[in-house]
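Asker: Got a structure for you, questions after.
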Amino acid sequence: MAGTIKGVKMFTKALMYVTCASTLALLCLTVGNVIMRYVFQTPFSGIMEWSQMFLIISMTCMAHALVEGRFVAVGAFIDRLPKKADFAVEIIMGAVAIAYFTIIGVQLLLQIAPSIQFNELYFVINVPRWPMYLVLGISFLACVPATVVYVIERIKNYVPLSERGILDDNPDLAILALVEGDEEGEAEGGVA
């Protein structure tokens, strides 16, 4: 089980590097287009379509964000629930997310065959669209094992409400305690 979790984390980290490369390419394309437009008065052709493609490729980082728990949590509903229900709702939402990612990913992969059959192309740059369906489908399907890993780690690291301390309920205090602990350790190390 630990090997599988490690494999999922390595795969999602590789996808994150794909996102970094795509974002860098998008940055270079945008800067190059600005220079070409305002300095040479000849902008790149198809800049919007290239930007769309790089943005689609940058979606591959979703799975890494899930595995690492670096997604944006909106607590408008969850914060109003009792603390005991918070953990249960998070597990249920993990199951819903797995179903959602699976359905969307499979539907995107099913769009590949019609896209190839009808020779669907980007209008200006004349590049086939089916690779973008493939990339986006893989991005969503990679979120399935990432969500499973996130939920498993949430269950493994669950601390019952009765055993929680003030630092468990307030991550900002936990970070502050770690920082203060490091400063005290440095001060003691400097004296000795």
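Asker: Might you check whether a residue that is outside any helix (DSSP H, G or I), surrounded by 12 or more Cβ atoms within 10 Å (Cβ to Cβ) and at pLDDT below 85 occurs anywhere in region 73-93?
Answerer: Among the residues of region 73-93, at least one is outside any helix (DSSP H, G or I), surrounded by 12 or more Cβ atoms within 10 Å (Cβ to Cβ) and at pLDDT below 85, which makes the answer yes.
Asker: Identify, by number, the condition in (1) modelled with pLDDT under 95; (2) more than 16 Å from the chain's Cα centre (by Cα); (3) within 19 Å of MET59 (Cα to Cα) that PRO145 doesn't meet.
Answerer: Exception for PRO145: condition (2).
Asker: In addition: Restricting to region 34-60, name every residue that is in contact (Cβ under 8 Å) with a residue 12 or more places away in the chain and farther than 19 Å from VAL124 by Cβ.
Answerer: Result: SER58, MET59, THR60.
Asker: Residues that are aliphatic (A, V, I, L, M) and farther than 30 Å from ARG154 by Cα: does region 63-84 have at least one?
Answerer: no
Asker: Can you name the condition, by its number, that THR60 falls short on among (1) modelled with pLDDT of 90 or more; (2) surrounded by 13 or more Cβ atoms within 10 Å (Cβ to Cβ); (3) closer than 28 Å to ASN157 by Cβ; (4) hydroxyl-bearing (Ser, Thr, Tyr)?
Answerer: Answer for THR60: the failing condition is (1).
Asker: Looking at region 101-130 only, could you name the residues that are more than 22 Å from CYS61 (Cα to Cα), surrounded by 13 or more Cβ atoms within 10 Å (Cβ to Cβ) and free of Cβ contacts under 8 Å to residues at least 40 places away in the same chain?
Answerer: Passing the criteria: SER115, ILE116, GLU120, LEU121, PRO128.
Asker: Is one or more of the residues making up region 18-41 part of a loop (DSSP other than H, G, I, E, B) and either touching an Asp or Glu at 6+ places or on another chain (Cβ under 6 Å) or of a type in the set (S, T, N, Q) (or both)?
Answerer: yes
The values are calculated or read from the model by the stated rules, or taken from the named source; none is laboratory data. In this text the structure is predicted, and so the values were computed from the model without any measurement. Methodologically, a virtual Cβ is constructed for each residue, glycine included, from the backbone with ideal geometry; neighbour enumeration extends over all protein chains shown.
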